[in-house]
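Working notes, beginning with the structure itself.
The values are calculated or read from the model by the stated rules, or taken from the named source; none is laboratory data. Everything numeric here is computed off the predicted structure, so don't read it as measured data. Here the Cβ positions follow ideal geometry from the backbone for every residue, glycine too, while neighbour counts run over all protein chains shown.
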Amino acid sequence: METQGKCTADAQRKHKKKESGFTGQIGFVMAAAGSAVGVGNLWRFPYLAAKDGGGLFIVIYLILALTFGFTLLTSDISVGRKTGMNSIRAYEAMSPKWKFLGIVTFLVPALIMTYYAVIGGWIARYVVVYLTGEGKAAASDEFFGAFITDPHQAVLYAVVFMLITAFVVFNGVEKGIEKCSSILMPVMLVMIVAIAIFALTLKNTDADGITRTGLQGLAVYLTPNFEGITIRRLMQILLDAMSQIFFSLSVSMGIMITYGSYIKKDVDINTAVHQIEFFDSGVALLAGLMIIPSIFVFDGIEGMKAGPSLMFVSLPKVFDSMHGLGRFVGLAFFLMAAFAALTSCVSVLETIVANCMEIFHLERRHATIGLTILYTCASVVVALGYSTFYIELPLPNGSVAQILDLMDYISNSFMMPFISFLSSILIGWVIGPDWIIEEVEYGGRKFGLKGLYRFMIRYIVPVMMFVLFLQSTGLLGS
Ligand code: PHE
């Protein structure tokens with residue numbers, strides 16, 4: 001089986017003719033980090049950290065990133081480069097019997113794309129809010145709800161975001177994706193560092209005369225909170241951190257396979273994986289550093305329990321409390337979030353386009369135009385999921401979903417652990433970890449952690465993914 005997989009891959013590689021690729025290590029790392037850094041880092045990570053014991057969550061997250069994140073990212077990128085193909089074909093090349101896994105993997109971005117531009121549109125709306133000085137209105141409790149339930153506005157912003165994404169993908173890997181990420185990512189990093197430093201200098205005295213400072217907020221963020229910790233609770237934190245890693249690193253959905261297929265043989269995969277992880281975890285930590293102290297200063301510990309509404313409801317209130325400065329900080333924040341969302345959205349569309357080009361032998365332009373029409377329609381439906389097409393669907397984890405949540409649940413909570421579970425069986429047991437290790441070590445490169453990789457992919461990843469999958473089906477409770 002191993003030899004068979006290798007032969008197919010080698011044969012296919014000889015025939016492949018990629019239209020273009022990343023120019024080198026930096027271009028690739030920027031684009032991959034661009035995919036990884038997104039709303040997950042800015043919005044999901046800080047609220048999970050606030051919910052799951054601050055420093056405790058952070059430590060667990062970092063340990064999992066260095067073990068699971070590293071293993072999954074190394075696998076995806078290596079599969080991409082070694083086969084030179086996208087998920088559907090890549091799995092087939094690894095082992096013909098596992099073609100189905102490539103198709104399942106392809107379905108994840110295909111589903112995510114239906115709603116990612118809608119979220120991008122929400123962020124774009126707030127960029128406009130701070131540009132036009134509507135910050136005060138945005139600080140009211142009703143603003144966000146009124147916006148997403150307004151069919152015209154929700155659709156308009158989603159479609160605009162979708163078209164910008166399509167424009168980048170239309171321009172190709174090097175001139176579109178790499179260029180866009182190489183400009184936006186450093187700008188985003190500078191902005192987030194500046195806002196985080198600013199957040200630490202905040203100070204506010206509330207109506208009860210209590211003064212809170214940004215540095216106290218920092219302590220709340222970083223200090224591990226073991227209050228009420230039980231095994232069950234620890235397990236929950238672990239699972240939260242684990243699913244966050246999937247989402248955040250864009251692994252197990254074919255995206256990193258596609259990006260991996262665009263890199264040249266002289267790129268050092270091992271170093272690239274560390275750099276991408278550093279970027280991704282760094283931005284997540286900085287996002288927490290900026291959001292948690294800001295919320296703490298103006299709303300106290302209670303304010304941090306806002307959960308998902310933190311970014312769109314709580315933060316505009318914080319910006320409003322900053323008076324004149326709030327407009328600029330708000331604009332900087334949402335612009336940065338829009339950049340982060342754009343580079344992620346681009347990676348999702350690119351993966352779908354690339355798979356379709358390969359399967360249907362299409363030109364990039366044609367594939368992009370066709371898929372843009374399709375996904376613009378899908379985004380319209382999802383954007384209308386809070387008005388015209390409003391539904392209330394109970395999910396196995398106990399929450400009630402609208403269309404967007406449903407798509408998110410199927411793709412992220414349900415399919416990703418399932419795919420990682422099967423991929424780790426395929427790599428760990430069917431074709432063998434050496435297939436990947438060989439690719440990382442290609443050209444005499446060092447792969448210092450290959451012992452850890454081998455152990456993780458064979459034993460730890462399958463078990464953990466299976467547990468996560470069971471949890472997503474509701475069988476383990478939530
Ligand atoms: N990794 C991105 C984030 O952290 C999200 C994402 C998910 C991007 C799926 C692409 C695909 O927000």
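Of note:
- Of the residues making up region 66-76, none is away from the ligand (no atom under 15 Å from the Cβ), within 18 Å of Ile291 (Cβ to Cβ) and buried (at least 24 other Cβ atoms within 10 Å of the Cβ).
- Close pairs (7 angstrom Cβ cut-off, 6 or more residues apart or separate chains): free of Cβ contacts under 8 Å to residues at least 60 places away in the same chain in region 208-224, surrounded by fewer than 18 Cβ atoms within 10 Å (Cβ to Cβ) and not small (Gly, Ala, Ser) anywhere: Thr211/Lys203; Thr211/Thr205
- Conditions (1) within 16 Å of the ligand (Cβ to nearest atom); (2) free of Cβ contacts under 8 Å to residues at least 40 places away in the same chain: number failed by Met416: (2)
- Breaking point among (1) in a helix (DSSP H, G or I); (2) of a type in the set (Val, Ile, Thr); (3) closer than 28 Å to Phe447 by Cα, for Ile103: (3)
- Note on region 80-105: residues that are surrounded by fewer than 24 Cβ atoms within 10 Å (Cβ to Cβ), aromatic (Phe, Trp, Tyr) and in contact (Cβ under 8 Å) with a residue 12 or more places away in the chain total 1.
- When residues of region 218-249 are limited to those that are at pLDDT below 90 and part of a loop (DSSP other than H, G, I, E, B), the one nearest to Gly55 (Cα to Cα): Asn225
- If the condition is being more than 16 Å from the ligand (Cβ to nearest atom), among the β-branched types (Val, Ile, Thr) and surrounded by 15 or more Cβ atoms within 10 Å (Cβ to Cβ), then region 209-255 contributes Thr213, Val220, Ile237.
- Verdict on Ala137 being surrounded by fewer than 24 Cβ atoms within 10 Å (Cβ to Cβ) and more than 30 Å from Asp434 (Cβ to Cβ): yes
- Tallying residues that are closer than 23 Å to Phe466 by Cβ and within 15 Å of the ligand (Cβ to nearest atom) within region 378-413 yields 6.
- Filter result for Thr83 (of a type in the set (S, T, N, Q) and under 16 Å from Leu239 (Cβ atoms)): no
- Candidates Thr149, Thr105 - the one that is more than 16 Å from the ligand (Cβ to nearest atom) and of a type in the set (Ser, Thr, Tyr): Thr149
- Given (1) part of a helix (DSSP H, G or I); (2) within 16 Å of the ligand (Cβ to nearest atom), number of the condition Asn270 does not satisfy: (2)
- Residue count for region 35-65 under the criterion of being surrounded by fewer than 24 Cβ atoms within 10 Å (Cβ to Cβ), farther than 21 Å from Thr271 by Cβ and small (Gly, Ala, Ser): the result is 3.
- For region 114-121, the count of residues that are under 25 Å from Ser321 (Cβ atoms), at pLDDT 95 or above and within 16 Å of the ligand (Cβ to nearest atom) is zero.
- Candidate set: region 334-364, residues that are near the ligand (Cβ under 9 Å from one of its atoms) and small (Gly, Ala, Ser); chosen: the one nearest to the chain's Cα centre (by Cα): Ser344
- With respect to the conditions (1) part of a helix (DSSP H, G or I); (2) surrounded by fewer than 24 Cβ atoms within 10 Å (Cβ to Cβ), Gly21 lacks only one, and its number is (1).
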